[in-house]
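Let me begin by presenting the structure, written as structure tokens, before commenting on it.
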Amino acid sequence: MTTAVAAPDPAFVDTNVLVFAAITSSPFYSEAFGRLDALRQAGVELWVRRQILREYLATLSRPQPFTPPLTAPTLIADIHRFQAQFRIAEDGPTVTANLLALLTTIPIGGKQVHDANIVATMQACGLRRLLRHNTAAFARFGALIPVEPMVTTP
């Protein structure tokens, strides 16, 4: 008799993890790259949404403390690579309905709407894990989704 092993839960990857993992001179390159690699090796399906890809472009097309702006060909190649490596969550009516429901139950305003939209997208796709660098920004959503830090301490 064989025992089936359940696949690990998929994980949604936030922009800051992609940025840190892509730039070797970033302050958290080793941690971000290593975490994504470990998740892939463990068979975890990794997800992003198109907004994450746009945020990546917006971030790395301007100077950062750890890198000058990347060239358009480099950014385009990165996005093509991400589209091959990650499942892409699409926006739609279910995401909007989830976002509006969150707005009625959790105090959210300003840029926090972008965070809430990540949660709404994750809910629409049935995703229960978020990987990001700054986990404190998602504390308000802790009852809805577990937020995993990019850097784990033993």
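The values are calculated or read from the model by the stated rules, or taken from the named source; none is laboratory data. Just so we're clear, the structure is a prediction, and the values are computed from it rather than from any experiment. Backbone-built Cβ (ideal geometry, glycine too); neighbour counts: all protein chains shown.
From PHE82, PHE66, PHE86, grab the single residue that is touching a Pro at 6+ places or on another chain (Cβ under 9 Å), hydrophobic (A, V, I, L, M, F, W, C) and surrounded by 13 or more Cβ atoms within 10 Å (Cβ to Cβ).
Details: PHE82 fails: touching a Pro at 6+ places or on another chain (Cβ under 9 Å); PHE86 fails: touching a Pro at 6+ places or on another chain (Cβ under 9 Å).
Exactly one of PHE82, PHE66, PHE86 is touching a Pro at 6+ places or on another chain (Cβ under 9 Å), hydrophobic (A, V, I, L, M, F, W, C) and surrounded by 13 or more Cβ atoms within 10 Å (Cβ to Cβ), namely PHE66.
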| task | Output the qualifying pairs, or none if there are none: Cβ atoms under 6 angstrom, residues six or more apart or on different chains, first residue in the range 109-129 and closer than 17 Å to LEU53 by Cα, second residue of a type in the set (Lys, Arg) and crowded, with 19+ Cβ neighbours inside 10 Å. | result | THR121/ARG49
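Got a sec? Which of ALA97, ALA89, ALA84 is in contact (Cβ under 8 Å) with a residue 60 or more places away in the chain and hydrophobic (A, V, I, L, M, F, W, C)? Working first, answer last.
Numbers: ALA97 fails: in contact (Cβ under 8 Å) with a residue 60 or more places away in the chain; ALA84 fails: in contact (Cβ under 8 Å) with a residue 60 or more places away in the chain.
Exactly one residue qualifies, and that residue is ALA89.
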| task | Select from the range 80-94 the residues that are among the hydrophobic types (A, V, I, L, M, F, W, C) and not in a helix (DSSP H, G or I) and write down the one among them that is nearest to GLN41 (Cα to Cα). | result | PHE86
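Kindly establish whether VAL17 is surrounded by 14 or more Cβ atoms within 10 Å (Cβ to Cβ), in contact with a strand residue (DSSP E or B) (Cβ under 8 Å, 6 or more places away or on another chain), aliphatic (A, V, I, L, M) and over 24 Å from HIS114 (Cα atoms). Steps first, please.
Values: surrounded by 14 or more Cβ atoms within 10 Å (Cβ to Cβ): yes; in contact with a strand residue (DSSP E or B) (Cβ under 8 Å, 6 or more places away or on another chain): yes; aliphatic (A, V, I, L, M): yes; over 24 Å from HIS114 (Cα atoms): no.
No.
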| request: Could you check how many residues of the range 47-63 are within 23 Å of VAL151 (Cβ to Cβ) and either loosely packed, with under 13 Cβ neighbours inside 10 Å or of a type in the set (S, T, N, Q) (or both)? | output: 1
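Rundown of residues vs (1) part of a helix (DSSP H, G or I); (2) farther than 30 Å from SER30 by Cα; (3) at pLDDT below 95, yes/no style:
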{"position": "THR96", "(1), (2), (3)": "yes, yes, no"}
{"position": "LEU99", "(1), (2), (3)": "yes, yes, no"}
{"position": "HIS114", "(1), (2), (3)": "yes, no, yes"}
{"position": "VAL119", "(1), (2), (3)": "yes, no, no"}
{"position": "ALA124", "(1), (2), (3)": "yes, yes, no"}
{"position": "ALA137", "(1), (2), (3)": "yes, no, yes"}
{"position": "ARG140", "(1), (2), (3)": "yes, no, yes"}
{"position": "ILE145", "(1), (2), (3)": "no, no, yes"}
| If you take the residues in the range 33-46 that are touching a strand residue (DSSP E or B) at 6+ places or on another chain (Cβ under 9 Å) and not in a loop (DSSP other than H, G, I, E, B), which one is surrounded by the fewest Cβ atoms within 10 Å (Cβ to Cβ)? | ARG40
| message | Restricting to the range 60-117, name every residue that is within 20 Å of LEU36 (Cα to Cα) and acidic (Asp, Glu). | response | ASP78
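Would you confirm, using the coordinates I've provided, whether ASN134 is within 21 Å of PHE20 (Cβ to Cβ), of a type in the set (S, T, N, Q) and touching a residue at least 60 places away in the same chain (Cβ under 8 Å)?
Working: within 21 Å of PHE20 (Cβ to Cβ): yes; of a type in the set (S, T, N, Q): yes; touching a residue at least 60 places away in the same chain (Cβ under 8 Å): yes.
Against the criterion (within 21 Å of PHE20 (Cβ to Cβ), of a type in the set (S, T, N, Q) and touching a residue at least 60 places away in the same chain (Cβ under 8 Å)), ASN134 qualifies.
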